[in-house]
1. What are the pairs with Cβ atoms under 6 angstrom where one residue, in the stretch 33-52, is touching a residue at least 12 places away in the same chain (Cβ under 8 Å) and closer than 26 Å to Pro190 by Cα and the other, located anywhere, is in a helix (DSSP H, G or I) and hydrophobic (A, V, I, L, M, F, W, C)? Sequence gap at least six, or different chains.
2. For the subset of the stretch 13-48 comprising residues that are modelled with pLDDT of 90 or more and small (Gly, Ala, Ser), which member is farthest from the chain's Cα centre (by Cα)?
3. So Trp70 clears everything in (1) of a type in the set (Phe, Trp, Tyr); (2) open to solvent by 60 Å² or more (accessible area, probe 1.4 Å); (3) under 30 Å from Glu148 (Cβ atoms) except one condition, right? Which one?
4. With respect to the numbered conditions (1) open to solvent by 60 Å² or more (accessible area, probe 1.4 Å); (2) more than 17 Å from Thr170 (Cα to Cα); (3) within 18 Å of the chain's Cα centre (by Cα), which one is the sole condition not fulfilled by Leu107?
5. Would a scan of the stretch 157-166 turn up a residue that is surrounded by fewer than 21 Cβ atoms within 10 Å (Cβ to Cβ), modelled with pLDDT of 95 or more, in contact with a Leu (Cβ under 8 Å, 6 or more places away or on another chain) and of a type outside the set (Gly, Ala, Ser)?
6. Quick one: which residue in Tyr222, Tyr242, Tyr228 is under 30 Å from Leu158 (Cα atoms), of a type in the set (Phe, Trp, Tyr) and open to solvent by 30 Å² or more (accessible area, probe 1.4 Å)?
7. Can you say whether Val203 is of a type outside the set (Ser, Thr, Tyr), open to solvent by less than 30 Å² (accessible area, probe 1.4 Å) and touching a helix residue (DSSP H, G or I) at 6+ places or on another chain (Cβ under 9 Å), as far as the supplied structure shows?
Amino acid sequence: LLERLPKLKVISQTGGGAAHVDMAACRRHGVTVMAGTGSPYAAAELTWGLVLAAMRHIPAEVENLKAGRWQRTLGTGLKGRTLSIFGYGKIGSLVARYGQAFEMNVLVWGREGTRQRALDAGLEVAESQADLFQRSDVLSLHLRLNDETRGIVTAESLAQMKPTSLLVNTSRSPLVAPGALEQALIAGRPGQAAVDVFDAEPVIENALLALPNLVATPHLGYVEKDSYELYFGDAFSNLLAYMDGQPINNLAG
């Protein structure tokens, strides 16, 4: 694409990351890539919405009620249960606070820096990744996708979860090994999953969507008014600054 755009000088994108941009190619073609900022709140709030929706079977019961069926499921409360956070960054730390507000026991795992930040916040750190998965009642993924984290949630990891537990992924779908979540849900460990992200988007067909123990949304984590104003405000401000020769948040070029 860059080779077909010889006059392209700058990419002013939304959000702070550039994992979807070939930075080396941009440098070769002299294209400046500018990043903006993003708010963690929209994604964290959607994460918590999915937790409540799945644990209390809200989507299924909405459909039941509309179809004339009354109280067909038995939900599970959050108080006193274990919320596991895999990746304690900006979003993960917010979700941990939401869990504390619901009187959950919060457990954290991640890289050394992640574990130290969790300890500094007075949270419990798991003994290992396996310990995190084994003890979870709700496990929420909040990792950046890179070579180190791609496929970090394996079939073996999921098989360690309780048959009553919930896996939530509002981060990136490839954090979970290909096909592992579908097979895990069929096997019943974990008992449920709630996801906002998929390997291929937009989703036209996906076998996961046919599973009764899945709650899914179409990548809504960042799709929120305040976030959009922040994303696009930064993108245009960066572009205007570039044109005026002002300092910019330059990732490449």
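The values are calculated or read from the model by the stated rules, or taken from the named source; none is laboratory data. Note that this is a predicted model, so its numbers are computed, not measured. Note: ideal-geometry Cβ built from the backbone for every residue, glycine included; neighbour counts use all protein chains shown. Remember, those area values only see protein heavy atoms, side chains included, never the ligands or the DNA or RNA. Shrake-Rupley method; radii C 1.70, N 1.55, O 1.52, S 1.80 Å.
1. Short answer, once both residue conditions are applied: Ala43/Ile91; Ala44/Ile91; Ala44/Leu94; Ala44/Val95; Thr47/Val95.
2. Only one residue fits best here, namely Gly30.
3. It fails just one condition, (3).
4. (1)
5. no
6. Of the residues listed, the single one that is under 30 Å from Leu158 (Cα atoms), of a type in the set (Phe, Trp, Tyr) and open to solvent by 30 Å² or more (accessible area, probe 1.4 Å) is Tyr222.
7. Answer is no for this residue.
Table: residues versus (1) touching a strand residue (DSSP E or B) at 6+ places or on another chain (Cβ under 9 Å); (2) modelled with pLDDT under 95; (3) open to solvent by 20 Å² or more (accessible area, probe 1.4 Å).
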{"residue": "Gln100", "(1), (2), (3)": "yes, no, yes"}
{"residue": "Gly122", "(1), (2), (3)": "no, no, yes"}
{"residue": "Gln129", "(1), (2), (3)": "yes, no, yes"}
{"residue": "Phe133", "(1), (2), (3)": "yes, no, no"}
{"residue": "Val138", "(1), (2), (3)": "yes, no, no"}
